[in-house]
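Remarks on the structure that follows.
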Amino acid sequence: MIGNFRGRIDNVILTEWRGISVLKKEASKLKKKKLSDEQITNTNVFGTVSNFLRSAKRAFRIGYQVPRKAGFTPWNAIVSDHLKNAITIHKGQAVFDLSKVQLSKPIHKTQQVWNPVISAESGYKVTLRWELTPEPEKCTRMDDKVILACYDGNTGRFSTYYTGVSRSALSYTVDFLDWHAGHDMYWYVFMVSDNGKLVSETEYLGMVTVRP
């Protein structure tokens, strides 16, 4: 159980392990040929990563940069990085650490928003607030845009908000529908320059529950 959510989405369970919010893919039920433990583990890992990341593709298209001569596709880089950094194996099962999801990977970098805080408000609203960077780098611009994303623990899907809001705005509010009440939302933010060429690292903001 995480927050007020109980249950599973298909064969992926949203749960908590060692105090970390994680996704866990159940082992497939085999009817005919029994797979080796290694094959089962590999299947679980691949399925968990692919299913979890698929609905975040819009954010990845904006934020994930790979070298032009990389020799691999951006999607392969995304999956590989998360396999390496966000997955652990526990009793033969793939465990995904939600706090280590990275929706952006800058080669050409701008700064993240300063002191971002996410909060749930009455009326099905969730608001992100931040401050101006006290020591802006040369790459930092006031017209850098905020990219906000959330993972809905109840539906098992990402939503990405290309807000159009600039760094100078200092806040952005997402209005949800009433049926989202009680949904546990896991939030992420990164910045992109106005011309789309510079991105920041992703910051995990934590979980808030949508309030009526």
Candidate cut points under GluC sites (Glu not before Pro) in region 98-149, DSSP loop plus at most 10 other Cβ atoms within 10 Å of their own Cβ, are GLU137
For each pair in LYS69/LYS138; LYS84/LYS125; LYS100/LYS145; LYS69/LYS100; LYS84/LYS145; LYS91/LYS145, compute the distance between the two Cα atoms and list the pairs where it is over 31 Å.
-> LYS84/LYS125; LYS91/LYS145
Note, PHE176: beta-carbon cut-off 11 Å, +1 each Lys/Arg, -1 each Asp/Glu, net -2
Once you have the Cα-Cα distance between LEU170 and LYS84, take 0.36 nm times their residue separation minus that, and quote the gain in nm to one decimal.
-> 27.6 nm
Can you tell me the dipole magnitude for region 146-210 around its Cα centre, using point charges on the Cβ only (Lys, Arg +1; Asp, Glu -1), in Debye to the nearest 20?
-> 200 debye
Dipole axis of region 60-118 (+1 Lys, Arg; -1 Asp, Glu on Cβ), positive-most option in VAL113, ALA70, THR88 = ALA70
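Since every read-out is calculated from the coordinates, none of them should be taken as a lab result. The shown structure was predicted, so the numbers you read here are calculated from the model rather than taken from an experiment. Positions of Cβ are generated from backbone atoms using ideal geometry, with glycine treated the same way; all protein chains shown enter the neighbour counts.
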